[in-house]
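Reading through the structure tokens given below for one structure.
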Amino acid sequence: MHAVKRHRSAQLPQSRHELKAWLHEQLDLAPDLQFDVFAAIDSVFTRHKQLFEASKEDAIQALSAGFAYKIARLRRQLSEKETTARSISQYLEKLVADLTHRSQRDSKTKLMSFARFTHQCGSFLSLEQRSQWCALGMAGIARLNSYNDAHGRAMGDLIIGRVAQLLREQARSDDLHSRFGADEFCFLIPGLRGPEKAYAIGERLREAVERYDWTLEDRQLAEQPVRIDVGVAGFRLGHVAERRFIARRLASDLIVRADKLMCLARKDPMSRIRLERVRIRKGKLVPMAAGRS
């Protein structure tokens, strides 16, 4: 409740105007509550005048009772409003935090949302100056529709969730992973020393999925273990000045290139990984000859 300031003067308000001025000075009320208090005062004074004409003694008693009741009611209303405002504020804070988290995470895999991933990639490409290479890749679950057709969509969802977890387990603290589509994932690996490391990362992700004991998820998967196809674009970062103002477009172009490489890997079951080395030339991504770094 609002604290009343100590009245330093022995002079108490003697009129309606003085009482309003005194309350305004002594109580720190919100405008709407001040209006209610002053309205109550006006009502009490009006009623007092009417009762005074009828009976001085009865009027004074009624005035005291009515004024005390209205002040108590205003205090109760103020407390209820404060409690309601506090509850609403806490609810809205929780709601905003929950919506922010949901907007940045894929609901099925809990990986970073694709929108957040592309934003983070753009930020990285516009600022990174410490390393020479990075890898941006795509990984797709081979024949996911066949699992859905044979065992139902629940099986497909189970596989998607487990592959996401396996990719997450392979990540370093600076790596980014996201779900790209129904059966596809994308990743950004910064801080590489050379393009050969990009291929090694794709191979590590592929092996993590293929070596996993899928019968732990469902015994039916013993006959058809899960595989992934991987496309990796090994990107030579070069000077940050070349990337800073085209970083978002570069991120999009690298994702498209990695997606095409993954599609090529899907068509070649003997080699489930495709790697391409790329760099910037005149503001565009161009392939590099093998062996160049």
Shape category assigned to region 130-255 from the gyration tensor of Cα positions, a/c cut at 1.5: prolate
Residues whose placed amide H lies under 5 Å from that of I273, excluding near-sequence neighbours: V230
Average accessible surface area per residue within region 126-232, 1.4 Å rolling probe, Å²: 47
Report the local net charge at K282: Lys and Arg +1, Asp and Glu -1, summed over other residues whose C-beta lies under 14 Å from its C-beta. +3
For region 147-293, the accessible surface attributable to carbon and sulfur atoms (probe 1.4 angstrom, ligands and nucleic acids excluded) amounts in percent to 47
Report the charge-dipole magnitude of region 190-293 in Debye, nearest 20, computed about the Cα centre from +1 at each Lys and Arg Cβ and -1 at each Asp and Glu Cβ. 960
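The values are calculated or read from the model by the stated rules, or taken from the named source; none is laboratory data. Keep in mind the model is a prediction, meaning the values are calculated, not measured. FYI the Cβ positions are ideal-geometry reconstructions off the backbone, even for glycines, and counts take in every protein chain you see. Just so you know, the surface numbers come from the protein's heavy atoms only, side chains and all, with ligands and any DNA or RNA stripped out. Shrake-Rupley method; radii C 1.70, N 1.55, O 1.52, S 1.80 Å.
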